[in-house]
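In what follows, a single structure is set out as structure tokens and then discussed.
Read-outs: derived from the displayed coordinates by stated rules, not from any lab. Small disclaimer: the values here were computed from a predicted structure and weren't measured. Backbone-built Cβ (ideal geometry, glycine too); neighbour counts: all protein chains shown.
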Amino acid sequence: MDRLEHSAAAADTLAAEKVMAVRPQCIGVRRLRDVIADCAQRIFHAGPDYRSPQEIPAPVLHSAAQAAVFEGWSASVDEAIAALRAGRIRTASAQAHRLLVPLSGVLSASMAVFEIADPAQALAPVWVALNEGQTHATRLGRLDDGLVPHLRWLNGAFADWLAGGFETPLDLLPLLAEARAQGDDCHARTVVGSQLVSAALLRRSPPVSEDVSAFLSESPAFALNVWMGATALAASAAEGVEGASIVTRAGGNGVEFGIQLASRPGQWVCVPAPVPQGTIEPAHQGRQAEGALGDSAVVDFAGLGGQSLQFAPLVAQGVAASLPADAAQRAVQVLASKAPPLVRGLCATAAASCVAAGVGPLVLIGMIDAQGVAGRIGGGVVDVPATLFERALQAH
């Protein structure tokens, strides 16, 4: 190893230690307009910014339009779509503002977000969308007459109930570790984690109506958004470490998939969004999946999801046909350090490790109908190409 390589390796070690030292906590529920100053007539989406309003894919366009109706910015979905295409309603990358949304999900001014922080660190918080449940959800990217009424309840009565449960912070690493120990990969499968998070919330604040308990019991992915916030917060601790190739942000907008490195905060490096590889459900045969969507890739880049399949045999079995031959080795190949017990901290992906191995992380991801009609049509895998990390190091 020459002097330059040694310096880069030392920078990655330092950055990875900063990530591992973060103890994410959910400290409250806020309104987006209370944490983001410029959110009037503005929709926040996953992944990097779109280069033009014309390239917004149908699933995200549908979600954004329904959010505009929810906000009262447009009287109808058609009116909202026209305003989005014309740029009168603006769009922006959620992660660029320390926000996170899953799949085709969006955030707008009146929506509630979990605030994730580590009060012991001089680290800005991140804010993540509330999981919307299994039926009416912006993350599905389809037009849905029930979505706007559901958003009113979710960001009204439900969010008000949630906000009452944070007199003290909720530690997330112990819950995350327990979920993985019981078979969750913490991305594709979050059943145990959702039960643990829901139980903790219900203990803190008894529900005022049966609607709350019923919603939580019917939301097996509720914890995913919380895990997204936890992993994104931890990764952000590496930002600013000179020479470090640790990936601090990652996500897809359906057109491009991008990452940011610790040494170059705020600068996306992108490739065309890979189409997830997986089995399309029988009811949706003939449909095509949109390119990779969502900010939930941050979970896999933290050593969970596609890098934790050995802990989640049911998930591994379900995606086996879509996995590369070296899937079991990916964590060792791409992570900056050997994974510690999860209760001791989160991992980080190093672009330098990816380039050296010639592979990127595996991301477990929902497959969203490219036409924005059917919503989720299956579950798949994105094998993030090594070329993305090569480009990032060249820019680095």
Distance histogram for the range 25-168 (every C-alpha pair counted, 10 angstrom bins, percent rounded to whole numbers): 12, 45, 33, 9, 1
Relative exposure of 168, 349, 387, judged by other C-beta atoms within 10 Å (fewest first): 168, 387, 349
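What order do you get for 142, 90 when you list them from fewest to most C-beta neighbours inside 10 Å?
Values: 142 22, 90 15.
Arranged by neighbour count, lowest to highest, 142, 90 become 90, 142.
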Residues whose placed amide H lies under 5 Å from that of residue 183, excluding near-sequence neighbours: none
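In the range 25-168, what percentage of the DSSP-assigned beta bridges are antiparallel, given to the nearest 5? Walk me through the numbers before you get to the answer.
Values: 12 of 18 bridges.
Taking every DSSP beta bridge within the range 25-168, about 65 percent pair in antiparallel fashion.
Determine the calculated [θ] at 222 nm for the chain from helices alone, applying -39500 (n - 2.57) to every DSSP H run no shorter than 4 residues and normalising by the residue count; nearest 500 deg cm²/dmol. Mind dumping the intermediate values first?
On the way: 15 runs with 137 residues, N = 396.
Roughly -10000 deg cm²/dmol at 222 nm, from the helical runs in the chain.
Out of the range 311-396, which trypsin sites (Lys or Arg not before Pro) are coil in DSSP terms and have no more than 16 other C-beta atoms within 10 Å?
Numbers: sites: 330, 338, 344, 376, 391; in loops: 338.
Counting only loop positions with at most 16 other Cβ atoms within 10 Å, the trypsin sites (Lys or Arg not before Pro) in the range 311-396 are 338.
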Highest-MSF residue in the chain out of 362, 202, 130 [GNM, Cα springs under 10 Å]: 202
FRET efficiency, residue 213 to residue 96 (Cβ-Cβ, R0 35 Å, nearest 0.05): 0.45
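How big is the C-alpha Rg of the range 232-332 next to the rule-of-thumb value 2.2 N^0.38 Å, as a ratio? Present the calculation step by step, with values, prior to reporting the outcome.
Values: Rg = 15.4 Å, N = 101, 2.2 N^0.38 = 12.7 Å.
For the range 232-332, the normalised Cα radius of gyration comes out at 1.21.
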Residue-wise HN-Hα coupling along the range 185-196, computed from phi with Karplus coefficients 6.51, -1.76, 1.60 (Hz; x: Gly, Pro): 8, 6, 10, 5, 10, 10, 4, 5, x, 5, 5, 5
Distance from the range 134-180 to the range 313-382 (C-alpha centre basis), Å: 25
Computed P(r) (all Cα pairs; the chain; 10 Å bins; percent): 5, 25, 35, 25, 8, 1, 0
Distance (nanometres) between label positions extended 7 Å along Cα→Cβ at residue 283 and residue 37: 4.6
Coarse-grained scattering of the range 1-99 at q = 0.14 Å⁻¹, given as base-10 log I(q)/I(0) from a Debye sum over alpha-carbon atoms: -0.67
Placed amide H near residue 379: partners under 5 Å, 5+ positions off or other chain: 279, 367
19 Å cut-off, amide nitrogen to a point 7 angstrom out along residue 394 Cα→Cβ, residues in the range 319-359: 351-359
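Would you work out the charge dipole size for the chain about its Cα centre, treating the Cβ of every Lys and Arg as +1 and the Cβ of every Asp and Glu as -1, and quote it to the nearest 20 debye?
Working: 27 positive and 36 negative charges, 62 e Å.
Dipole of the chain, to the nearest 20 debye: 300 debye.
Quick one: 20, 228, fewest Cβ neighbours within 10 Å first, how do they rank?
Values: 20 20, 228 29.
Lowest count first: 20, 228.
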Inter-site label distance for residue 85 and residue 49 at 7 Å from Cα along Cβ, in nm: 2.3
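Based on the Kirkwood radius over alpha-carbon pairs, what value in µm²/s does the Stokes-Einstein equation return for the translational diffusion coefficient of the range 240-296 at 37 °C and 0.692 mPa s?
Details: Rh = 12.9 Å.
Answer from the Stokes-Einstein relation: 255 µm²/s.
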Acute angle (nearest 10 degrees) that the helix 77-86 long axis makes with the longest principal axis of the chain, alpha-carbon atoms: 50
